[in-house]
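Everything on this sheet refers to the single structure shown next.
The values are calculated or read from the model by the stated rules, or taken from the named source; none is laboratory data. These numbers come from a predicted model, not from an experiment. For neighbour counting, all protein chains shown are included, and Cβ atoms are generated from backbone atoms with ideal geometry for every residue, glycine included. Ligands, DNA and RNA are excluded from the accessible area calculation, which covers all protein heavy atoms including side chains. Shrake-Rupley method; radii C 1.70, N 1.55, O 1.52, S 1.80 Å.
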Amino acid sequence: MIRSVVRGIGSALPRRIMKNADFEGMVETSDEWIAQRTGIRQRHIAADDETTASLGEAAARAALDNAGLTPADIDLIVLATSTPNNTFPATAVEIQNRLGMRHGFAFDMQAVCSGFVYAVTTADLYIKGGLAKRVLVIGSETFSRILDWSDRSTCVLFGDGAGALVLEAAEGQGTIADRGVLAASLRSDGTHKDKLYVDGGPSTTGTVGHLKMEGREVFKHAVGMITDVIEDVFTQADISADDLDWFVPHQANKRIIDASAKKLGIPEDKAVVTVHLHGNTSAASVPLALSAAVADGRIKKGDLVMLEAMGGGFTWGAVLVRW
Ligand code: UT7
């Protein structure tokens with residue numbers, strides 16, 4: 001059977017780093033509160049000339065270099081983002097243009113922090129359906145542009161960045177030993193909209209709006225939702241936590257990562273954590289964490305890797321990949 005195998009990976013971050021202490025004169029907070037409650041120590045913040053499209057393009061070029069490919073080899077670009085450059089056209093099409101591609105097709109996916117997990121699953125189906133052979137899957141965000149910088153309960157949590165994978169069609173045996181995307185579980189439930197949303201949009205206010213979150217409420221649901229979809233993937237693939245080499249979770253809060261890993265029986269040293277470096281970068285969070293763990297040699301060819309994310313909507317999901 002056809003499998004969607006990871007051929008390359010890359011990432012890109014804005015030049016400017018903002019440390020927790022940099023918030024201390026802006027809102028009533030402290031490095032200690034942010035680090036203790038979230039694990040975050042710093043985040044990257046985009047300058048005016050750094051956008052979701054420019055960061056996405058840089059991550060895509062890095063992934064193509066890593067794969068030994070050029071834009072000519074790509075059929076499809078799926079961009080996960082909730083902070084597009086414009087309401088339309090899709091920022092994926094802008095990235096396609098920036099890469100000099102006049103062939104193939106590109107579109108955005110909007111599932112907030114779960115966007116990358118949704119996008120990998122979607123790209124896998126396009127490859128298995130025969131509509132594409134090589135797909136650039138990108139998560140790129142500039143959440144700094146939708147933050148209320150006077151709201152201490154949200155502005156300290158998020159950051160900007162991008163990560164990308166090249167997925168490629170390859171022949172597999174249809175077993176768990178195959179490389180590539182092996183199983184996935186996606187969920188959404190709109191009854192939770194008011195717990196995490198942006199209070200603007202083209203069809204309502206005509207403005208971009210600002211991020212609003214009832215953090216404690218999101219936290220309360222996160223661990224249960226994350227572990228539910230991962231257990232569903234375990235069942236589909238007929239594996240257990242012991243079979244995993246790496247757990248690459250959404251990077252929103254170290255306490256959520258620790259609690260999810262504990263509930264699933266995944267040892268702490270198998271969880272990839274980058275939240276201290278990047279904060280919550282929404283759809284860019286999972287590919288940024290993956291990039292870090294591939295770059296430092298932790299994730300290697302053949303490793304069994306569980307990706308998961310949970311965010312606004314609510315949306316949540318998990319994907320099992322053999323690297
Ligand atoms: O990516 C999408 C998914 N998003 C998430 O997963 C986020 C989930 N939520 C969280 O990570 C946590 O709930 C937060 C980090 C947002 C908050 O941590 P918490 O332990 O749930 O704190 P809390 O909301 O219960 O607030 C505790 C106190 C409050 O003061 P009172 O009411 O106890 O007097 C807040 O006003 O901390 C206060 N507080 C702050 N203090 C200093 C809230 N933000 C800050 C801040 N600095 N930045």
Lys270 accessible area, nearest 10 Å², 1.4 Å probe?
50 Å²
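How much of the accessible area of region 2-171, probe 1.4 Å, is carbon plus sulfur, in whole percent? Before the final figure, lay out the partial values.
Details: 3330 of 6820 Å².
It is 49 percent, rounded to a whole number.
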Between Ala72 and Ala177, what is 0.36 nm times their sequence separation minus the Cα-Cα distance? Round to one decimal in nm.
34.8 nm
Taking 0.36 nm per residue of separation and subtracting the Cα-Cα distance, what length does fully extending Lys300 through Asp151 add?
49.6 nm
Enumerate the calculated ³J(HN,Hα) couplings along region 224-240 in order (Karplus 6.51 cos²θ - 1.76 cosθ + 1.60, θ = phi - 60°), each rounded to whole Hz, writing x wherever the residue is Gly or Pro.
x, 5, 4, 5, 4, 5, 5, 5, 4, 5, 4, 5, 4, 8, 6, 10, 10
Under 10 Å, Cα contacts only: if you run a Gaussian network model on the chain, which one of Val208, Val223, Val275 comes out with the highest mean-square fluctuation?
Val208
Asp245 and Ile17 label points (each 7 Å along its Cα→Cβ direction) are spaced in nm at 2.9 nm
Inter-site label distance for Thr205 and Met26 at 7 Å from Cα along Cβ, in nm
1.9 nm
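Sorted by accessible area (1.4 Å probe), largest first, how do Arg322, Arg43, Arg152, Arg15 line up? Don't jump to the answer; show the numbers that get you there.
Values: Arg322 40, Arg43 0, Arg152 130, Arg15 160 Å².
Descending accessible area places them as Arg15, Arg152, Arg322, Arg43.
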Pick from Gly313, Gly130, Gly163 the residue whose mean-square fluctuation is largest in a GNM of the chain, springs joining Cα atoms under 10 Å.
Gly130
Rounded to the nearest 10 Å², what accessible area does Thr315 have for a 1.4 Å probe in the complete protein model?
20 Å²
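If R0 is 35 Å, what FRET efficiency do you get for Glu231 and Trp33 from their C-beta distance, rounded to 0.05? Mind showing how you got there, number by number?
Numbers: r = 33 Å, r/R0 = 0.94.
The pair Glu231/Trp33 has a calculated efficiency of 0.60.
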Tell me the per residue accessible area of the chain using a 1.4 Å probe; a whole number in Å² is fine.
41 Å²
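Can you put Asp22, Asp303 in order of accessible area, largest first, using a 1.4 Å probe?
Numbers: Asp22 80, Asp303 25 Å².
Correct descending sequence by accessible area is Asp22, Asp303.
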If R₀ is 51 angstrom, what is the calculated FRET efficiency for the pair Ile2 and Arg216, using the beta carbon separation as r and rounding to 0.05?
0.70
Nonlocal amide H pairs with His210, under 5 Å, H built at 1.01 Å:
Asp199, Gly200
Taking all protein chains together and a probe of 1.4 Å, list Trp33, Trp246 from the most accessible to the least accessible.
Trp33, Trp246
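If I compute solvent accessible area with a 1.4 Å probe over the protein chains, what percent of it on region 180-322 is carbon and sulfur? Please report the intermediate quantities before stating the final value.
Working: 2930 of 5860 Å².
The C+S portion of the solvent-accessible surface of region 180-322 is 50 percent.
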Estimated translational D of the chain in µm²/s (Stokes, Kirkwood radius over Cα pairs; 10 °C; 1.306 mPa s):
82 µm²/s
What figure in square angstrom, to the nearest 10, would you give for the accessible area of Ser188 with a 1.4 Å probe?
70 Å²
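How much length is gained on full extension from Phe105 to Leu125, taking 0.36 nm per residue of separation minus their Cα-Cα distance?
Working: separation 20, 0.36 × 20 = 7.20 nm, distance 1.50 nm.
Between Phe105 and Leu125, full extension yields an extra 5.7 nm.
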Considering only C-alpha atoms, what is the centroid distance from region 51-76 to region 27-50, in Å?
28 Å
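Greater than 23 Å separation of Cα atoms is the criterion. Which listed pairs, Lys133/Lys301; Lys193/Lys220; Lys193/Lys263, meet it?
Details: Lys133/Lys301 20 Å; Lys193/Lys220 15 Å; Lys193/Lys263 26 Å.
Pairs exceeding 23 Å: Lys193/Lys263.
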Computed about the Cα centre, the charge dipole of region 2-171 from +1 Lys/Arg and -1 Asp/Glu charges at the Cβ has a magnitude in debye, to the nearest 20, of 460 debye
